[in-house]
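Reviewing the structure listed below.
Just so you know, all these numbers are worked out from the coordinates, no wet-lab data involved. Computed from a prediction, not measured in an experiment: that's the story for all the values here. A quick note on method: Cβ atoms are made from the backbone with ideal geometry, for glycine too, and the neighbour counts reach across all protein chains shown.
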Amino acid sequence: MEKTQIKPIFSVSDFIAVVNQTLEYAYPTVEVEGEVASFKVNQGKYVFFDIKDAGGSIGCFMSVWQLRVPIEDGMKVIVSAVPKLTQWGKFSLTVKTIRPSGEGALKKSFELLKSKLETEGLFAPERKRRLPIVPQHVAVIASTQSAGYADFIKILNDRFGGLRVDVAHVQVQGTDAPDQIIRVINYFNQQESLPEVIVIIRGGGSADDLSAFNDEPLVRAIAGSRIPTLVGVGHEIDTSLSDLTADVSAATPSNAAQILVPDRMEIIRAVRAQVISLLPRVLQLIDGQRQSVKDMMINVIDAVERAADEQMRRLLSLRNVLTQLDPNVVLARGYALIRGNVKVGATIEIETNKVILEAEVKNVINK
Amino acid sequence: MSSTNKSIQEKTAELNKLVEWFDSEDFKLEQALDNYKQAEKLASEIEKDLLSLKNEIQIVKQKFDSES
């Protein structure tokens with residue numbers, strides 16, 4: 001006797017449910033790469049598009065809040081999604097994340113978001129805040145296992161000390177990285193004792209590795225941080241939208257450490273130079289004082305000499321007067337000196353330059 | 001930190017004040033040597049303090065893998 005096999009008869013709804021269960025068991029999440037087509041956003045909430053290649057096309061659905069990077073038709077993307085049969089029997093992918101794939105798509109997405117955020121003024125210079133010259137308390141967001149973090153800490157410790165450094169370990173690439181970094185930014189912004197700077201660092205990598213730093217919610221979280229931000233992502237040539245939004249952008253994690261704190265050796269050199277510069281200044285002042293005393297002495301000697309000359313001149317003048325008054329000088333000029341009573345018959349003495357005469361007064365006539 | 005409780009900033013400010021004194025109208029030659037010695041002492045202390053400073057690095061214990 002032939003064995004009969006009982007085949008289940010499903011209702012349509014049950015069959016759809018069974019297919020979905022089977023799909024969920026077989027492919028809880030799939031990653032599919034393809035080109036975007038018929039991209040549209042409905043009611044500002046729901047995103048619909050097709051992902052296709054030369055051999056086929058699948059419809060995709062996602063919420064607008066899950067869309068973290070700008071997408072447009074023709075862009076090559078990788079979607080992480082749950083395959084699903086809808087109640088209308090249409091197969092579709094419910095997308096959890098979507099990211100551009102390949103250099104061209106990454107660049108296109110970067111440029112689209114950059115243009116959008118630039119229009120909103122997120123990169124405007126007037127938004128930039130200054131970092132403290134010597135911060136006391138800083139927060140660092142990095143992968144603590146990365147070479148970039150090790151470089152940052154080494155240079156930070158070499159350059160300066162005395163800082164409180166709170167480090168939050170996060171993934172710095174991959175689809176989870178932006179959300180982790182956003183959570184840490186929020187965490188530090190909610191602390192009672194706020195750090196003075198948030199430093200976000202990541203070493204070099206491919207464009208895809210660094211694309212986490214071009215995530216729109218992350219860029220907005222950096223822009224919205226009430227704590228000033230310093231971002232050092234990738235190598236010198238890499239510029240992410242996080243770099244452009246940060247208050248200060250560093251070329252590399254090492255450069256971030258250089259920007260964050262002054263070099264203690266430079267301070268020491270400057271302090272030494274400051275003190276050394278005092279000595280020549282003191283010597284110069286001593287020389288100045290010496291010259292001043294010398295000048296004063298010269299002035300005093302000049303004054304004394306002038307006074308002495310004046311006295312000498314006066315003395316000579318008096319001597320001339322006295323010379324003119326000397327009776328011998330008068331006699332030498334031919335005058336005579338008469339002594340005795342000037343009356344008739346009296347004997348008088350007449351002294352000339354050369355002789356003394358005795359004479360008798362014969363007559364006296366009044367003038 | 002050196003024996004005194006002054007911070008590096010306070011010592012630097014003090015040193016700057018001393019250096020300014022040498023250019024000010026208050027400058028007196030008789031006091032210059034004392035002030036110079038004081039500036040040298042402050043510079044040595046600042047150097048010593050700066051070299052002895054260590055950073056206090058703490059890893060945040062909270063995990064950020066998912067919304068807590």
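Okay, here's what the table says:
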item: Within a Gaussian network of chain A (alpha carbon springs, distance under 10 Å), most fluctuating of A:174, A:288, A:162; result: A:288
item: Neighbour count of at most 16 Cβ within 10 Å plus DSSP loop: longest chymotrypsin sites (Phe, Trp or Tyr not before Pro)-free window in chain A; result: A:89-334
item: Distant alpha-carbon pairs in chain B (separation over 20 angstrom), percent; result: 49
item: Electrostatic dipole magnitude of chain B [Cβ: Lys, Arg +1; Asp, Glu -1; Cα centre; debye, to 20]; result: 400
item: Karplus-derived HN-Hα couplings along the stretch A:255-270 (A = 6.51, B = -1.76, C = 1.60, θ = phi - 60°), whole Hz, x at Gly and Pro; result: 5, 4, 5, 5, 6, 5, 10, x, 8, 4, 5, 5, 5, 4, 4, 5
item: Of A:223, A:37, A:273, the one that fluctuates the most in a GNM where chain A has Cα springs shorter than 10 Å; result: A:273
item: Inter-centroid distance (Cα atoms) of the stretch A:283-312 relative to the stretch B:35-65, Å; result: 54
item: Dimensionless Rg over Rh [the protein assembly as shown; C-alpha; Kirkwood]; result: 1.66
item: Cα gyration tensor of the stretch A:214-298 - equivalent ellipsoid semi-axes, whole Å, descending; result: 55, 13, 10
item: Interchain or long-range residues, amide H under 5 Å from residue A:351's placed H; result: A:337, A:338, A:339, A:357
item: Debye-sum result for the stretch A:28-183 in log10 I(q)/I(0), which assumes one identical scatterer on each alpha carbon, at q = 0.19 Å⁻¹; result: -1.21
item: Considering only the protein assembly as shown, percent of DSSP beta bridges that pair antiparallel, nearest 5; result: 60
item: Neighbouring partner chain Cβ atoms per residue of A:151-160, average, 10 Å criterion; result: 1
item: Kirkwood Rh and Cα Rg combined as Rg over Rh, evaluated for the stretch A:274-367; result: 1.68
item: Electrostatic dipole magnitude of the stretch A:156-283 [Cβ: Lys, Arg +1; Asp, Glu -1; Cα centre; debye, to 20]; result: 820
item: Crossing angle, helix A:177-189 versus chain A [Cα axis fit, 0-90 degrees, rounded to tens]; result: 50
item: Calculated from backbone phi, Karplus (6.51, -1.76, 1.60) coupling profile of the stretch A:217-231 in Hz, x at Gly/Pro; result: x, 5, 4, 5, 5, 5, 5, x, 5, 7, 8, x, 10, 10, 10
item: Those GluC sites (Glu not before Pro) in the stretch A:64-129 that DSSP places in a loop and that have at most 16 other beta carbons within 10 Å; result: A:72
item: Amide H partners (placed H, <5 Å) of residue A:200, local residues excluded; result: A:141, A:230, A:231, A:232
item: Long-range HN-HN contacts of residue A:137 with modeled amide H, under 5 Å; result: A:164, A:196
item: Environment charge at residue A:76 (Cβ cut-off 13 Å; Lys +1, Arg +1, Asp -1, Glu -1); result: -3
item: For the stretch A:9-25, Karplus couplings with θ = phi - 60° (6.51, -1.76, 1.60), whole Hz, Gly/Pro x; result: 10, 9, 6, 4, 4, 4, 4, 4, 5, 5, 4, 5, 4, 5, 4, 4, 5
item: Extension reserve of the residue A:285-residue A:300 stretch, reckoned as 0.36 nm per residue once the Cα distance is removed; result: 3.2 nm
item: Positive dipole terminus of the protein assembly as shown, leading residue within A:83, A:342, A:195 (C-beta point charges); result: A:342
item: Between helix B:8-21 and chain B: long-axis angle, C-alpha atoms, 0 to 90°, nearest 10; result: 20
item: Average Cα contact separation per residue, chain A, under 8 Å, 6 or more apart, as relative contact order %; result: 11
item: Proxy reagent accessibility, fewest Cβ within 10 Å first, across A:6, A:51; result: A:6, A:51
item: Folded to 0 to 90 degrees: helix A:147-159 orientation relative to chain A principal axis, Cα; result: 20
item: Full-stretch length increase - residue A:352, residue A:27 - with 0.36 nm per residue and alpha-carbon distance subtracted; result: 100.9 nm
item: Residue-averaged [θ]222 nm for chain A, counting only DSSP H segments that reach four residues, each worth -39500 (n - 2.57); result: -13500 deg cm²/dmol
item: Inter-centroid distance (Cα atoms) of the stretch A:114-142 relative to the stretch A:148-163, Å; result: 21
item: GNM flexibility winner over chain A from A:64, A:233, A:172 (Cα, springs under 10 Å); result: A:64
